[in-house]
Structures are given as C-alpha cells and as structure tokens.
Amino acid sequence: MANDAVFRASLVWLAAVIAVVGVCTQSFKKMMLTYVVGVLGISGLLLPDWGYFDRDFSRWTSPVSAEERASEVAQRSGLIRRFRKNPMRLVAYATVYGFALYKWWMFISS
C-alpha cells in the first residue's frame, strides 16, 4: 500500500467508533462485531491491488504484465488517481457495504 497514513488513520477512527459503541451499548459482543465489520470494510477499500482491478473487466482473468504495471505507476499521481470511478466497482461496493452497514446497525441498535 502506497500510503500507510490513510490506513493508520482509518484504524484510529475505527477504534474511536468501537469505544463509542462500547460506552453506549455496554456490550462486548457489539464492540467485537463493530471491530470485525470495520476491519473488513477498511481492508476492502484500502488493500486491494487497484492496478489489477482498474483494468477492463474482461481482462481481470489475466495477470498484469510488467509493462502495464510500469505505465500505471507512471500515470498515477496521488490519492485522486487511486480511486477512479468504475461503475461495476461502485455498484458492488454500494451493495456489499450497504448491506453490511444495515445489518450492523440493526444489531447495534437492538
């Protein structure tokens, strides 16, 4: 991962959310569920090899060549290029994370 500061900041915010959930609900089980959902969510957003997934969907079954990797590194500049909008990725993330947040909220608020 190119920028570990984003990952560390996300984990610190997750720790703050876990503390708030623990104080408000006084439930260790709800704190642990918040931890698991948060770590999986952060991992899903920050850890994948976006150079692999930023290619056309039909090319996901073939490995990234050295030339493709070199051209991607040359083109990438900062965080804005890292998170390009891909309709398929947006639909998948919205569905998965929306469902996970809904289930988490239902469990936490019960």
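We did not get these values from a lab; they are worked out from the coordinates using the rules stated. The structure presented is a predicted model; accordingly, all values stated were derived computationally and were not measured. Virtual Cβ from ideal backbone geometry, glycine too; neighbours counted across all protein chains shown.
What ranking do 30-38, 13-21 get when scored by the average of other Cβ atoms within 10 Å per residue, highest first? Present the calculation step by step, with values, prior to reporting the outcome.
Values: 30-38: 17.1, 13-21: 14.1.
Most protected by this proxy first, the peptides run 30-38, 13-21.
For Arg59 and Tyr35, compute 0.36 nm times the residue count separating them, minus their Cα-Cα distance, and round to one decimal in nm. Display every interim value, and only then the final one.
Details: separation 24, 0.36 × 24 = 8.64 nm, distance 3.43 nm.
Length difference between fully extended and current span is 5.2 nm.
What's the ranking of 87-93, 102-108, 57-63 by average number of surrounding C-beta atoms within 10 Å, highest first? It would help to have the intermediate numbers written out before the result.
On the way: 87-93: 11.3, 102-108: 12.9, 57-63: 9.4.
Order by mean packing, descending: 102-108, 87-93, 57-63.
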